[in-house]
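The values are calculated or read from the model by the stated rules, or taken from the named source; none is laboratory data. Predicted, not measured: the structure shown is a model, and the values here were computed from it. Heads up, the Cβs are rebuilt from the backbone with ideal geometry, glycines too, and the neighbour counts pull from every protein chain shown. Quick note on the areas: whole protein, heavy atoms, side chains included, nothing else; ligands and nucleic acids left out. Shrake-Rupley method; radii C 1.70, N 1.55, O 1.52, S 1.80 Å.
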Amino acid sequence: MPTGYRKAADLPQVIPVFPLDGALLLPGGQLPLNIFEPRYLNMLDDAMGGERLIGMIQTRHGGDPERPRLAAIGCLGKVTSFAETADGRYLITLTGVCRFEAGEELPSRTPYRQVRARYSAFEHDLTGIESGLELDRGPFLAALKHYLERRGMEIDWESAESAPCDALVNSLSMALPFDAQEKQALLEARTAEERRTALIAMLEIDAAAGPDDEPGAIQ
């Protein structure tokens, strides 16, 4: 977790946002990104000249297709690694700092979008990953194995069996290919316990699907 932020007042009130459906950043998590659009290259240039903070956010239905409505909640991340490729792309890693409520969007003065961020509902994110989360690991890993096998995916099972429950839930929430709506539900879970419950429900629903059902969005 990046240091230096102890309370919501330490965080900027106006932040640039990167709308990207299907991408989930959680506090303490790390999200690799390949930046190539000119407006977001400009956003990174500006961010690297300041506090290196960017808000990851999804979109929702409605509004201009070229400027879709933003989801109500996103996650502020700090650029913790940065590299530039020969063809002008930026390869970065964002480390999650704190979730935010997306307030008023500012009139466009930059190629990228900016919003007023409110952090008070998520100030507990700044204290780090919650501890003490319990998980019935046997049934959970069985449901996870079924989910992965249906998609031809693999993970490091040794790490999955030994990782702290809170870290395992957060890493799987970010990494598994849930749809945008499901990712948003995992983001908006107020506590690690609520996120664990939501993740288990998603895996169990998928495990209950018949063998002829196509893997994909969980209904």
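How large is the accessible surface of Tyr40 in square angstrom, using a 1.4 angstrom probe and rounding to the nearest 10?
20 Å²
What Kirkwood radius, in Å to one decimal, follows from the Cα pairs of the stretch 107-196? Spell out each step's value before the answer.
Numbers: mean 1/r = 0.0649 Å⁻¹.
It works out to 15.4 Å.
Using alpha carbons only, how many angstrom separate the centre of the stretch 138-199 from the centre of the stretch 21-85?
Centre-to-centre distance over Cα atoms comes out at 22 Å.
PRE reach from Glu84 (point 7 Å along Cα→Cβ): which of the stretch 1-45 fall under 19 Å by backbone N?
33-45
Please report Rg over Rh for the stretch 1-109, where both radii come from the alpha carbon positions and Rh follows the Kirkwood definition.
Looking at the stretch 1-109, the ratio lands at 0.94.
Probe of 1.4 angstrom, ligands and nucleic acids ignored: what's the accessible area per residue over the stretch 14-82, in square angstrom?
Dividing the accessible area of the stretch 14-82 by its residue count gives 46 Å².
Per-residue counts of other Cβ atoms within 10 Å, averaged by peptide: what ranking do you get for 137-145, 11-19, highest first?
Highest mean packing first, the order is 11-19, 137-145.
List the lysines whose alpha-carbon lies under 22 Å from that of Lys78, not counting same-chain residues fewer than 8 positions away?
List returned: Lys7, Lys183.
Report, to the nearest 10°, how far helix 165-175 tilts away from the longest principal axis of the Cα atoms in the chain, using its own Cα long axis and a range of 0 to 90°.
The angle comes out near 70 degrees.
Carbon and sulfur atoms: what percent of the 1.4 Å accessible area of the chain do they account for?
The C+S portion of the solvent-accessible surface of the chain is 50 percent.
Looking at (1) 57, 51, 31; (2) 48, 39, 30; (3) 51, 37, 37, which value of Cα extents along the principal axes in Å comes from a calculation on the structure shown?
It is the one labelled (3).
Can you give the angle from 0 to 90° between the axis of helix 192-207 and the longest principal axis of the chain, with both taken from C-alpha atoms, to the nearest 10?
Helix 192-207 sits at roughly 60 degrees to that axis.
Quote the Stokes-Einstein diffusion coefficient, in whole µm² s⁻¹, for the stretch 1-58, based on the Kirkwood radius over alpha carbon pairs, a temperature of 10 °C and a viscosity of 1.306 mPa s.
Answer from the Stokes-Einstein relation: 125 µm²/s.
Check Gly28: other-chain or 5+ apart residues with amide H under 5 Å from its amide H, H built from backbone geometry?
Gly96, Val97
Using only Cα atoms and rounding to the nearest 10 degrees, what angle (0 to 90) does helix 38-48 make with the longest principal axis of the chain?
Between the helix axis and the principal axis of the chain, the angle is about 80 degrees.
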